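Only one structure is covered here, and it is reproduced in the block below.
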Amino acid sequence: MTELLLIDDDESLTELLGTYFEKQGYSVRITRNGGEGLRAMFTHHPALVVLDVTMPLRDGWEILSRIREMSDLPVIMLTARDEEPNVLRGFSLGADDYVTKPFSFAQLEARIKAVLARSGRNEDQPEVLRIGEMRVDLRTRQVQRGETQIQLTPTEFRLLVTLMHHAGEVVSPDELVKEVWGPQYKEEVGYVRRYIWHLRQKIEPDAENPRFVHNERGFGYRFQELEEQKVSSGDTKDG
């Protein structure tokens with residue numbers, strides 16, 4: 001049975017969510033604050049965490065950072081604030097998705113199913129992807145550029161793997177959303193631009209002059225390692 005961990009100090013909401021998801025066949029563990037939630041996560045190893053942003057003592061951002069220090073466990077953030085800076089902050093800290101309050105329970109369940117589906121591993125894939133200096137071990141989820149170890153969030157990892165699977169091809173934002181996030185996210189193409197920016201900050205020697213992930217304006221993105229002397233500026237203007 002798939003276990004969900006809810007970390008939210010809203011007692012009435014979590015009780016309703018717990019009842020709903022148990023009826024849908026999930027096992028649900030409810031915690032009321034960040035410290036309790038972290039202990040439950042490390043003790044019980046749930047399949048996914050639903051984490052509220054606004055909590056006393058330790059807010060959701062701090063808890064998400066602590067989770068990402070130790071685990072690539074999928075995390076969906078609950079926030080009453082959908083302003084761009086808060087969404088970007090969640091992505092930069094490693095959130096897999098976010099849902100803005102108020103939301104329907106069916107909407108949250110759909111997001112949970114999508115995140116769980118894309119966090120699974122495909123046994124038919126090769127164990128290692130290698131293009132030039134970039135090496136990705138799909139089994140251990142380790143990423144290296146030459147001798148440099150690179151730490152990626154789960155979503156950044158999936159985006160990189162998808163681009164590398166299509167190496168040399170231009171992949172549209174719509175196709176990236178479909179492959180990385182799932183078809184139900186077709187209206188969220190803004191995810192792609194944000195995550196391309198975060199991915200470049202981590203894998204590129206110089207994010208302003210990309211060597212690996214290139215923007216083909218009006219079409220999409222292409223993964224191809226360029227020789228250093230051929231790397232030109234201006235490739236990051238549109239994402």
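The values are calculated or read from the model by the stated rules, or taken from the named source; none is laboratory data. Just so we're clear, the structure is a prediction, and the values are computed from it rather than from any experiment. No Cβ is skipped: glycine too gets one built from the backbone with ideal geometry, and neighbour counts run over all protein chains shown.
Do we find that Leu13 is touching a residue at least 40 places away in the same chain (Cβ under 8 Å) and either in a helix (DSSP H, G or I) or not assigned by TED's automatic domain parsing to the domain that holds Thr153 (or both) in this structure? Lay out the reasoning, then the answer.
On the way: touching a residue at least 40 places away in the same chain (Cβ under 8 Å): no; either in a helix (DSSP H, G or I) or not assigned by TED's automatic domain parsing to the domain that holds Thr153 (or both): yes.
The answer is no for Leu13.
Which residues, taken from region 173-207, are aliphatic (A, V, I, L, M) and surrounded by fewer than 18 Cβ atoms within 10 Å (Cβ to Cβ)?
If the condition is that a residue be aliphatic (A, V, I, L, M) and surrounded by fewer than 18 Cβ atoms within 10 Å (Cβ to Cβ), then Val189, Ala207 are the ones that fit.
Is there any pair linking a residue in region 209-226 that is under 18 Å from Val189 (Cα atoms) and in contact (Cβ under 8 Å) with a residue 40 or more places away in the chain to one that is among the basic types (Lys, Arg) and not in a strand (DSSP E or B), with Cβ under 6 Å and at least six apart or on different chains, and which?
From residues that are under 18 Å from Val189 (Cα atoms) and in contact (Cβ under 8 Å) with a residue 40 or more places away in the chain, the pairs are Val213/Arg200.
Hey, can you tell me all the residues within region 52-67 that are more than 14 Å from the chain's Cα centre (by Cα), among the aliphatic types (A, V, I, L, M) and buried (at least 16 other Cβ atoms within 10 Å of the Cβ)?
Taking region 52-67 and keeping what is more than 14 Å from the chain's Cα centre (by Cα), we get 52-63, 66.
Still in the running and among the aliphatic types (A, V, I, L, M): 53, 55, 57, 63.
Of everything in region 52-67, those that are more than 14 Å from the chain's Cα centre (by Cα), among the aliphatic types (A, V, I, L, M) and buried (at least 16 other Cβ atoms within 10 Å of the Cβ) turn out to be Val53, Met55, Ile63.
Is it true that Arg193 is of a type in the set (D, E, K, R) and assigned to a strand (DSSP E or B)?
no
Select from region 16-52 the residues that are aliphatic (A, V, I, L, M) and assigned to a helix (DSSP H, G or I) and list them in ascending order.
Once the filter is applied, which keeps residues that are aliphatic (A, V, I, L, M) and assigned to a helix (DSSP H, G or I), region 16-52 yields Leu16, Leu17, Leu38, Ala40, Met41.
Just one of the numbered conditions (1) without any contact (Cβ under 8 Å) to a residue 40 or more places away in the chain; (2) farther than 21 Å from Val177 by Cα; (3) in contact with a strand residue (DSSP E or B) (Cβ under 8 Å, 6 or more places away or on another chain); (4) among the aliphatic types (A, V, I, L, M) is not true of Leu6; which one?
Among (1) without any contact (Cβ under 8 Å) to a residue 40 or more places away in the chain; (2) farther than 21 Å from Val177 by Cα; (3) in contact with a strand residue (DSSP E or B) (Cβ under 8 Å, 6 or more places away or on another chain); (4) among the aliphatic types (A, V, I, L, M), Leu6 violates only (1).
I need the full set of residues from region 140-176 which are free of Cβ contacts under 8 Å to residues at least 40 places away in the same chain and either out of contact with any strand residue (DSSP E or B) (no Cβ under 8 Å at 6 or more places or on another chain) or part of a strand (DSSP E or B) (or both), in order please. Before you say what the answer is, go through the steps one by one.
Narrowing region 140-176 to residues free of Cβ contacts under 8 Å to residues at least 40 places away in the same chain: 140, 142, 144, 146-149, 161-162, 165, 174.
Answer for region 140-176, where residues must be free of Cβ contacts under 8 Å to residues at least 40 places away in the same chain and either out of contact with any strand residue (DSSP E or B) (no Cβ under 8 Å at 6 or more places or on another chain) or part of a strand (DSSP E or B) (or both): Thr140, Gln142, Gln144, Gly146, Glu147, Thr148, Gln149, Asp174.
Looking only at region 81-138, count how many residues are part of a helix (DSSP H, G or I), hydrophobic (A, V, I, L, M, F, W, C), farther than 21 Å from Met55 by Cα and modelled with pLDDT under 85.
Number of matching residues: 1.
Filtering region 22-49 down to residues that are touching a helix residue (DSSP H, G or I) at 6+ places or on another chain (Cβ under 7 Å) and in contact (Cβ under 8 Å) with a residue 40 or more places away in the chain, which residue is surrounded by the most Cβ atoms within 10 Å (Cβ to Cβ)?
Residue satisfying both the conditions and the ranking: Val49.
Given the criteria in contact with a Leu (Cβ under 9 Å, 6 or more places away or on another chain) and of a type in the set (Lys, Arg), does Arg58 qualify?
Criteria met by Arg58.
Test Met1 against the stated conditions and say whether it is at pLDDT below 90, over 19 Å from the mean Cα position of the chain (by Cα), outside any helix (DSSP H, G or I) and crowded, with 19+ Cβ neighbours inside 10 Å.
Spelling it out, it is not the case that Met1 is at pLDDT below 90, over 19 Å from the mean Cα position of the chain (by Cα), outside any helix (DSSP H, G or I) and crowded, with 19+ Cβ neighbours inside 10 Å.
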